[in-house]
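Asker: Have a look at this one.
The values are calculated or read from the model by the stated rules, or taken from the named source; none is laboratory data. It should be emphasised that the depicted structure is a prediction, and the values quoted were computed from it without experimental measurement. When we count neighbours, we look across all protein chains shown, and the Cβ atoms used for this are built from the backbone with ideal geometry, even at glycine.
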Amino acid sequence: MSELTFRTEVRPSDRDAVRRIVESSGYFNPDEVDVAVDLVDENLAKGEPSGYHFVFAELGGEVVGYGCVGPIACTQSSFDFFWIAVQEGVRGQGVGRRLVQACEARMRQLGATRIYVETSGREQYASTRHFYLACDYQEVAVFPDFYAPGDAKVVYLKVLG
């Protein structure tokens, strides 16, 4: 994966890349996929003031993963990790971990001291929850039945040093 590169500039072609990557996971329903693409549109329309900042992972010029981060409104330096997704065919090769590191570096540049990320408590997301723990995030809250009956919201935190 030494040829993996990262960029923060958002391009119109990223709309299709984000859709392809998020759909490839099989985790997200069509409305959730649309939200992921809407955040790209918001950045393309408003730039940095949108509050949505992206890091794209490219392999051989193709976007194979991305993260979307941003400040949490009404906080001094807390940030949300809104999305992180890696193309199905390259999962398990370290792209996700390197993408998390690149997103964390971007958030540091933007003034973050605390990063929050949330995910589903459904069994399908067990590997996602394990991934966050492996990236040194700690579980700080569980909201039962948040997304739907039987589907908790699990929140993780990383304090940047």
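Asker: Right, LYS153: farther than 20 Å from VAL35 by Cβ and either in a strand (DSSP E or B) or not polar (S, T, N, Q) (or both) or not?
Answerer: no
Asker: Would you point out the residue of region 100-135, among those that are charged (D, E, K, R) and within 25 Å of GLU88 (Cβ to Cβ), that is surrounded by the fewest Cβ atoms within 10 Å (Cβ to Cβ)?
Answerer: Once the filter is applied, the top-ranked residue is GLU123.
Asker: In the set ALA126, ALA112, ALA102, which member is over 20 Å from PHE143 (Cα atoms), at pLDDT 95 or above, assigned to a helix (DSSP H, G or I) and not polar (S, T, N, Q)?
Answerer: None of the others qualify; the one that does is ALA102.
Here's the yes/no breakdown for (1) under 14 Å from the mean Cα position of the chain (by Cα); (2) under 17 Å from ARG19 (Cα atoms):
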| residue | (1), (2) |
| --- | --- |
| ASP41 | no, yes |
| LYS46 | no, no |
| SER50 | no, no |
| GLU58 | no, yes |
| GLY67 | yes, yes |
| CYS74 | no, no |
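Asker: Select from region 1-19 the residues that are surrounded by 16 or more Cβ atoms within 10 Å (Cβ to Cβ) and in a helix (DSSP H, G or I) and list them in ascending order.
Answerer: Result: ASP14, ARG15, ALA17, VAL18.
Asker: Does ARG97 satisfy the criteria of being over 19 Å from LEU157 (Cα atoms), of a type in the set (Lys, Arg) and in a helix (DSSP H, G or I)? Steps first, please.
Answerer: On the way: over 19 Å from LEU157 (Cα atoms): no; of a type in the set (Lys, Arg): yes; in a helix (DSSP H, G or I): yes.
The answer is no for ARG97.
Asker: Is it the case that region 26-42 has a residue that's out of contact with any Asp or Glu (no Cβ under 8 Å at 6 or more places or on another chain), closer than 20 Å to GLN124 by Cα and touching a residue at least 12 places away in the same chain (Cβ under 8 Å)?
Answerer: The answer is yes; a qualifying residue exists.
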